[in-house]
Structures are given as C-alpha cells and as structure tokens.
Amino acid sequence: MVRGGRWAVLGIAAVLTVAGCGHRAAEHKPRFESAEELPESLHKDGTTILVGDPGSAVVVRLYEDPRCPACEMFETAGGSPDLREAMLVRRARTEYTLASFLDDKVGGSGSKKAVNALRAALEEEKFVEYHEVLYAHQPEESDDGYTDAYLLELASEVDGLRGPEFDSAVKSMKYRSFVAASEQAYERAGGAQDPRGPGTPTAVINGKRIPLEYNGLLDGGIFARLLQQIHDKPGEWDRTFLPRRSE
C-alpha cells in the first residue's frame, strides 16, 4: 500500500545492470539449512524484529503491513524469496518494522491482530515461519479477515507454534503495546516528507531507501541481483545516489 507521490528513479539503473560476481572470504560459515534455522530476536529498541546472521554485511530494513496486498506480492512472488535465500547463505539479514495503518484506512482490526500474533510467534521463535504463512494466506484487504480464529488456524500450520501461551496472547492482544509502538516507529521512518510513514512495502538496504516504482521489490530477479551487487561491491553502493521522491 504505497503512499505519497511518485519516485524519481534515475540513477538506480546503473546499479541494477551490474551483475554480482565473486564471494567474500567471510562466507566460510555453513548456510542455514532452512528458514526455521534463521536466528530471530527483538531489537533493544523494542519494535524491530531481527532475522538472520547478525554478522551479515547487507542489512535490509523492511516496512510491512500484514493486510497490504503489495506486501503479499513482495513476500510470495517478488523479492522476498531471494532475500530469504540471501539470509540462508548469510549474505544478508533483515530488520522488520510492522505497521498497522490499514486498519484505520479501510476499517477493522486485522492488521493490529496480525502484528500482535507475529510478536507472539517471535516469543516462540517461530516468527519467520508464521510470517511466511500469514502472507501465503492473506485475506482480501477489505475483508479484515485476520480474526483471532483465522490467525490461530494459520498458526496450526507451523509446527510447535500453537500452545496455551501463544493462543492466549492472540486472543487477549497481549502485545498491544508492541503493536502501537511498532506503528509509531513506522510513522517516524517517513520523516518530514512522509509523516504517516514511508508506505508498504518499503525496503531500505544499508541505509538507502529503494523506490518501489522501479519494480525491484516485486521482481525477484531484479531484487536478487541488487542484493548480490551490494554484497559484492559495497563501496559502489555506498557511493550510489538514489534520488528522494519528486514532489
């Protein structure tokens, strides 16, 4: 669910046309065998969910709302599968900020309930798996379909997630303070230009925001090449100018 004006995208093409090659010497660590093995934790800021090898040099900050259709596209058919592979081989790590603004925009409470459930899954060290399941079975944006019952039904697809503590956390909105703080963190990330937040999905890689409109987030091939390029030639990425949005 993208907000605001159009992005100026001149300048990024040069980055995208350079295919990655070679590997860093630090890549001697064995790959994670599956997404279930990826480390996950809550950052000390209390809102950022960290996934992947903390030593990975490429850091992808993602802003998502569980009800956002464009986020579902990114997670299921866009760049997310390639990001997951990059995390498995320790090439990248991900920082998630979970928004819930769509509840106020289209009505209901599904985003807040889903964010609360994802925080509960993190407590059980099942965030990665549950996050994937939620987007694979995302209801229509206007349906407000992330009810307690549906969230628990989807949790049953993740081995070891369902239990008294998780179920109670979902039904009681145990992490409502986290939900509110995470939405506030999302809104702050927009800065003065986007006081309601940067839009979802938004990716910031090693400090540079990626324009959604160049389709890199929704095109897995482009996103994979971008991640590889940043990993192999970080100096070039540091010097690359990505224009801010044009008003």
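Any read-out appearing in this document is the output of simple, stated calculations on the displayed coordinates, not a laboratory observation. What you see is a predicted model; the values in this text were computed from it and never measured. Using ideal geometry, Cβ is built from the backbone for each residue, glycine included, and neighbour counts are taken over all protein chains shown.
How big is the Cα convex hull of segment 120-240 in projection, averaged over all directions, in nm²? Mind showing how you got there, number by number?
On the way: hull surface 39.1 nm².
In nm², the orientation-averaged hull projection of segment 120-240 is 9.8.
Mind checking the full-extension length gain between residue 148 and residue 29? Use 0.36 nm per residue of separation minus the Cα-Cα distance, one decimal, nm.
38.8 nm
Can you quote the Å³ per residue value for the convex hull of the Cα atoms in segment 154-207, rounded to an integer? Don't skip to the answer; put the middle values down first.
Details: hull volume 7.2 nm³, N = 54.
Dividing the Cα hull volume of segment 154-207 by its residue count gives 133 Å³.
Which whole-angstrom value gives the distance between the alpha carbon centres of segment 158-235 and segment 32-59?
Cα centroid to Cα centroid, the span is 13 Å.
Going by average Cβ density within 10 Å per residue, which order do the peptides 137-150, 93-106 take, highest to lowest?
Values: 137-150: 16.3, 93-106: 21.2.
Per-residue Cβ counts within 10 Å, averaged per peptide and sorted highest first, yield 93-106, 137-150.
Could you give the radius of gyration (one decimal) and Dmax (whole number) of the Cα atoms in segment 33-118, in Å?
Expressed in Å, the Cα Rg and Dmax of segment 33-118 come to 13.6, 40.
Spin-label point model (7 Å from Cα, Cβ direction): what's the residue 176 to residue 196 distance in nm?
2.5
Please report the antiparallel percentage of the DSSP beta bridges confined to segment 49-157, to the nearest 5.
Values: 3 of 10 bridges.
Once the DSSP bridges in segment 49-157 are tallied, antiparallel ones form about 30 percent.
Once fully extended, how much extra length lies between residue 136 and residue 104, figured as 0.36 nm per residue of separation less the alpha-carbon to alpha-carbon distance?
Details: separation 32, 0.36 × 32 = 11.52 nm, distance 2.32 nm.
Between residue 136 and residue 104, full extension yields an extra 9.2 nm.
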